[in-house]
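Contents: one structure, followed by commentary.
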Amino acid sequence: MQSPRGAFVNRRQRGFSLLELIIVLAIIAIITMIAIPNVRHIHMQAQETSALKSIDTMRTALQAYEASYGTFPKQQSDLGPPNGAPPSKTAADLLDSVMAPSGGAPAQKDGYVIRYTAGPADDAGNVLTFSVTADPAAANVSGVKRYFTDQNNTIHFTMDGSPATALSPPVH
């Protein structure tokens, strides 16, 4: 059969052979196997960066709270929204309800658990110290790094699975 351009077309050569399809599928499978670990690693790095930003946001909110009330909060939820009332010591409106969940629960954000711990209160009831930690919700899945900060305003981290403390290396 002759085509409009004058060349002959063989009906048996329309499409790909089974061998060609298998080769294309093998190439796609190899590219996928290379790309998936890289995507997971990039996703984990993004979650670690988000946790670092969250702990820094928490630290800034704590400084603002202390400047307003002369003490650090007794629990994480004290930094949260006031639910229609004016801001107060127990609802300072410095963080949203994700970062300052009600009832003093730790925040869960982007694969990390961010936990505020108040230090002991003095005789006047003022909290003078605190610590904030950010730990992966699923180690080696949502992140590897663990973060720590306190009233000294330096963020520290670990990567070996041990809890970060004030003695851990600082984030630069």
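Tabulated values for the structure
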item	result
The chain - charge dipole about Cα centre, Lys and Arg +1 at Cβ, Asp and Glu -1, debye rounded to 20	1340
Candidate aspartates and glutamates for bridging to Lys109, where Cα separation is under 12 Å - those fewer than 8 sequence places away on the same chain excluded	Glu48, Asp96, Asp135
Share of carbon and sulfur in the accessible heavy-atom surface of the chain [1.4 Å probe, %]	60
Debye, to nearest 20: dipole size of region 16-92, +1 on Lys, Arg Cβ, -1 on Asp, Glu Cβ	240
Relative contact order %, region 40-172, counting alpha carbon pairs below 8 Å whose residues are six or more apart	20
For the chain, built as a Gaussian network whose Cα springs stay under 10 Å, the top-fluctuating residue of Val144, Val113, Val98	Val98
Per residue solvent-accessible surface (Å²) - region 15-172, probe of 1.4 Å	58
Rounded to 10°, Cα long-axis angle of helix 18-69 versus longest principal axis of the chain	10
Table column - 3J(HN,Hα) (Hz), region 119-130, Karplus curve with 6.51, -1.76, 1.60, x for Gly and Pro	x, x, 7, 7, 4, 8, x, 8, 8, 9, 9, 7
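The values are calculated or read from the model by the stated rules, or taken from the named source; none is laboratory data. A quick note: this is a predicted structure, and the numbers were derived from the prediction, not measured. Positions of Cβ are generated from backbone atoms using ideal geometry, with glycine treated the same way; all protein chains shown enter the neighbour counts. These area figures cover heavy atoms from the full protein model, side chains too; ligands, DNA and RNA do not enter into them. Shrake-Rupley method; radii C 1.70, N 1.55, O 1.52, S 1.80 Å.
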